[in-house]
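This report concerns only the one structure given below.
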Amino acid sequence: MEPRDIDGDLTEILISEEQIQARLAEMSRRIEVDYAGTDLLLVGVLKGAVMVMADLARELHHPVTMDWMAVSSYGSGTQSSGVVRILKDLDTDLSGRNVLIVEDIIDSGLTLSWLLANLKTRGPASIEICALLRKPDAARVDIDVKYVGFNIPNKFVVGYGLDYDEKYRNLRSVGILAPHVYSTAAAAAL
Ligand code: XMP
Ligand code: MG
């Protein structure tokens, strides 16, 4: 348990810091084998993937380059709309590159399937997905995700990059947000 978790905002720590780091190490070993001897461009999706990108990239014993995209799909609620806007595009030309999209979480999959289709039009040599978390019960589209950290229940989670109202991103673990946090925010908005 970390001090920032104990203010009662989380009902449960779902995945501990140690579990995240151990899983990222396992995933990195697979990625190293799969991309041995080849160029690798990691594309992080802001802002949620910042932590997984930082830890994965440093865990990889493989030279990588990194670039970032920011897309918006959620508006203000917690339900994916499927309507995606690019807020910040890549600086990198993808033609001929081996691209690995680094994501924090796949929920409905709508954002990622849009992103995948978009990046595929830019002529990469290959394109795969690495996501720390996936909610299988929330899937609305089928996406082939090569590297998945953890399948989790269909609950709203925060920490390790994931936010509620921009908060909790700096928690080292992933936890389930306590209902009173939503209801307090809803009451304050009235
Ligand atoms: P979709 O549904 O399009 O959503 O796969 C992908 C994006 O939605 C955000 N998301 C979450 N953020 N806790 C969060 O803090 C969650 O449980 C959650 N589920 C989805 C996230 O930005 C993700 O990239
Ligand atoms: Mg995200």
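Counted by neighbouring Cβ atoms within 10 Å, the residues Arg134, Arg140 run from fewest to most as Arg140, Arg134.
Cβ crowding within 10 Å, taken as a proxy for footprinting-reagent exposure, orders Tyr147, Tyr182, Tyr35 from fewest neighbours to most as Tyr182, Tyr35, Tyr147. Short-range pairs are left out: with C-alpha atoms under 8 Å and at least six residues apart, the relative contact order of the chain is 24 percent.
Residue by residue, segment 35-43 carries 3J(HN,Hα) couplings of 10, 3, x, 10, 6, 9, 10, 8, 10 Hz when phi is fed to the Karplus relation 6.51 cos²θ - 1.76 cosθ + 1.60 (θ = phi - 60°); x denotes Gly or Pro.
Divide by every residue of the chain the summed helix terms, -39500 (n - 2.57) for each DSSP H run of at least 4, and state the resulting mean residue ellipticity at 222 nm, rounded to the nearest 500 deg cm²/dmol.
Working: 4 runs with 50 residues, N = 190.
Counting only the DSSP helices, I get -8500 deg cm²/dmol.
Taking the number of Cβ atoms within 10 Å of each Cβ as an exposure proxy, the fewest-first ranking of Met66, Met51 is Met66, Met51.
For Leu46, the residues whose modelled amide H falls within less than 5 Å of its own, excluding neighbours fewer than 5 places apart on the same chain, are Met69, Ala70, Val71.
Share of antiparallel DSSP beta bridges in the chain, in percent to the nearest 5? About 35 percent, rounded to the nearest 5.
Bear in mind that the values in this text are calculations on the coordinates, not laboratory data. Here the structure is a predicted model, which means the values were calculated and not measured. With ideal geometry, Cβ positions are generated from the backbone for all residues, glycine too; neighbour counts draw on all protein chains shown.
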